[in-house]
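Notes to accompany the following structure.
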Amino acid sequence: MVSPSFSVQKDSNQQRSADTLIILDFETTGLSPNMGDRAIEIGAVKLEKGQVVDSFQRLMDPGFRINSFIENYTGISNAMLAGEADCETVMTEFADFVGDANLIAHNASFDKKFLDAEFERVGFQYSGGFSCSLLLSRRINQDAPSHKLGDLIRYKQIPSEGQFHRALFDAEMTAKLWCLMIDDIKQQYNLAEVPFALVQKICKTPKAKVAEVIGKWRGE
DNA sequence: TGCCAGGCCCTCTTTAGGGCCTT
């Protein structure tokens with residue numbers, strides 16, 4: 001069992017850099033912002049050199065009642081959202097948290113479309129790249145029976161005490177999974193570091209050619 | 001009336017179809 005170091009320290013100087021990673025997760029009213037769905041919770045952790053240095057969690061009022069499926073799925077009720085700030089207020093705060101960092105999410109295509117939609121409403125565009133722990137897992141954990149976040153946490157025997165389908169907990173679990181996969185890549189391919197650009201390249205590579213791509217990256 | 005996401009990825013593919021994953 002491997003347990004990535006995960007102590008939370010406050011980022012006192014608010015320094016931002018392209019080397020900083022933000023691992024984020026949305027809870028939403030549904031699957032598609034194009035169908036009118038909105039975010040109801042954002043959770044994120046900030047990683048620097050594999051260490052969590054800050055975190056962000058806010059509920060937000062989408063402006064309409066959420067259905068019972070979402071209440072049951074997330075544990076977030078309409079009563080919990082009543083009186084919370086609206087999405088625009090929360091996402092403006094989150095834009096400040098994100099800065100110019102690179103971004104990661106599990107099944108990033110889902111979180112990216114909500115992030116893009118909510119940021120567009122507040123006129124913010126992030127400058128960092130976006131990568132996906134699910135795509136990386138499909139290439140690194142090829143024997144995993146499933147690539148659902150909860151299943152991967154159990155498969156990798158990562159300690160977890162909390163409620164899945166809440167934004168901050170899922171972001172924390174994704175961060176642990178991410179760190180473990182990066183460690184696996186370092187160990188398997190004898191790399192001192194795994195730059196974000198290499199991860200993005202791996203995620204675009206067919207599974208059968210991952211070793212070849214990493215070998216080329218190393219200059220072999 | 002009935003349906004309404006969408007990107008990725010595999011295969012019985014590529015002029016397509018269907019499962020996986022996210023809420």
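Which value, in debye to the nearest 20, describes the size of the charge dipole of segment A:78-220 about its Cα centre when Lys and Arg Cβ atoms bear +1, Asp and Glu Cβ atoms bear -1, and nothing else is charged?
Dipole of segment A:78-220, to the nearest 20 debye: 940 debye.
What is the gain in length, in nm to one decimal, between A:Lys186 and A:Ser68 on full extension, counting 0.36 nm per residue of separation less the C-alpha to C-alpha distance?
Using 0.36 nm per residue and subtracting the Cα-Cα distance, I get 38.1 nm.
Excluding A:Ser160 itself, what net charge comes from residues whose Cβ is under 11 Å from its Cβ, given Lys and Arg +1 and Asp and Glu -1?
For residues surrounding A:Ser160, the net value is 0.
Run through the DSSP bridge list for chain A and note the antiparallel percent, rounded to the nearest 5.
Around 70 percent of the beta bridges assigned by DSSP in chain A are antiparallel ones.
I need to check one value: relative contact order of segment A:4-217, counting alpha carbon pairs closer than 8 Å and at least 6 residues apart, in percent.
Across segment A:4-217, relative contact order equals 22 percent.
Could you state the principal axis extents of the C-alpha atoms in segment A:68-220, from the largest down, to the nearest angstrom?
Here the Cα extents, ordered largest to smallest, are 57, 34, 23 Å.
Please compute the Kirkwood hydrodynamic radius over segment A:169-212, one decimal place, Å, based on all pairs of different Cα atoms.
Taking the inverse mean of 1/r over all distinct Cα pairs, segment A:169-212 comes out at 11.3 Å.
Under 16 Å from a label point 7 Å along Cα→Cβ of A:Val213: give me every residue in segment A:128-153 with its amide N that close.
Counting backbone N atoms under 16 Å from the label point, the list is A:130-142.
Collect residues whose amide H, placed 1.01 Å from N in the peptide plane, falls under 5 Å from the amide H of A:Ser32; neighbours closer than 5 in sequence don't count.
Correct list: A:Asp37.
Can you list the lysines whose alpha carbon is less than 20 Å from that of A:Lys209, not counting same-chain residues fewer than 8 positions off?
Leaving aside lysines fewer than 8 places away in the same chain, those within reach of A:Lys209 are A:Lys186, A:Lys201.
When the convex hull of the C-alpha atoms of segment A:98-172 is computed, what volume per residue in Å³ does it have? Could the numbers behind the result be given before it?
Working: hull volume 7.5 nm³, N = 75.
Spelled out: Cα convex hull of segment A:98-172, divided by residues, is 100 Å³.
Considering only protein heavy atoms, what is the solvent-accessible area of A:Ser109 at a probe of 1.4 Å, reported in Å² to the nearest 10?
Answer for A:Ser109: close to 80 Å² accessible.
Heads up, I need the accessible area for A:His147: 1.4 angstrom probe, whole protein in place, Å², nearest 10.
40 Å²
Of all the C-alpha pairs in segment A:60-142, what % are more than 16 Å from each other?
Of all Cα-Cα distances in segment A:60-142, 63 percent exceed 16 Å.
5 Å is the cut-off here: which amide hydrogens, built 1.01 Å from N in the peptide plane, fall below it relative to A:Ser131, excluding neighbours closer than 5 in sequence?
The answer is A:Leu103, A:Ile104, A:Ala105.
Could you put A:Glu27, A:Glu120, A:Glu48 in order of accessible surface area, largest first, with the 1.4 Å probe and the full protein assembly present?
Heavy-atom accessible area, descending, gives A:Glu120, A:Glu48, A:Glu27.
Out of A:Thr29, A:Ile70, A:Pro206, whose Cα points farthest toward the positive end of the dipole of segment A:4-217 (charges: +1 Lys, Arg; -1 Asp, Glu; placed on Cβ)?
Of the candidates, A:Pro206 comes out farthest on the positive side.
Tell me, in nm to one decimal, what length is gained between A:Ala85 and A:Gln163 on full extension, where the rule is 0.36 nm per residue of separation less the Cα-Cα distance?
Stretched fully, the A:Ala85-A:Gln163 segment lengthens by 25.8 nm.
The values are calculated or read from the model by the stated rules, or taken from the named source; none is laboratory data. No experiment lies behind these values; they were computed from the predicted model shown. Glycine also receives a Cβ, built like all others from the backbone with ideal geometry; neighbour counts cover every protein chain displayed. For accessibility, only protein heavy atoms count, side chains too; no ligands or nucleic acids. Shrake-Rupley method; radii C 1.70, N 1.55, O 1.52, S 1.80 Å.
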